[in-house]
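Structure first, commentary second.
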Amino acid sequence: MKTDKILYKDEVFLIQGAVFEVYREMGCGFLEAVYQECLEREFHFRKIPFEAQKELQLKYKGSELKQIYKPDIICYGKIIVELKAVKEVNAEHRAQVFNYLKATGLLVNFGHYLKATVERIIL
């Protein structure tokens, strides 16, 4: 049975608009930290709720680990936005996002020449 329901369609659309605006303004060639700061400002301008570098507790077989995970950005309290500034996104980058997800996430690459890329990753 095929479902046409896209998780968080409207929210992702708004996030993508902010990503593409940052890329339009900055282009490629900067470090991830530069794009993160710009994207945080763009989210603020657009009133997109977000938390940057929020510490999330990791668990292994039900017990908490000492290690924590800090995603680049969490939007709307439920969408992980993982930023990259690389020539091409590869399987390792996708696997990183898969490991973090509970619901849905976006893998954003500002390092691709001519346009930023946004890839939806859903479990």
*Looking at (1) surrounded by 18 or more Cβ atoms within 10 Å (Cβ to Cβ); (2) modelled with pLDDT of 90 or more; (3) in a strand (DSSP E or B), which is the one condition that is false for Tyr35?*
(3)
*Could you tell me whether any residue of segment 12-28 is of a type in the set (A, V, I, L, M, F, W, C), touching a helix residue (DSSP H, G or I) at 6+ places or on another chain (Cβ under 9 Å) and loosely packed, with under 15 Cβ neighbours inside 10 Å?*
no
*Hey, among the residues in segment 54-90 that are at pLDDT below 90 and among the acidic types (Asp, Glu), which one's farthest from the chain's Cα centre (by Cα)?*
Glu64
*Leading residue by the ranking (nearest to Ile74 (Cα to Cα)) among those in segment 38-53 that are over 13 Å from the mean Cα position of the chain (by Cα) and not in a helix (DSSP H, G or I)*: Pro49
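The values are calculated or read from the model by the stated rules, or taken from the named source; none is laboratory data. Values in this document were obtained by computation on a predicted structure and should not be read as measured data. Cβ atoms come from the backbone with ideal geometry, glycine included; neighbour counts cover every protein chain shown.
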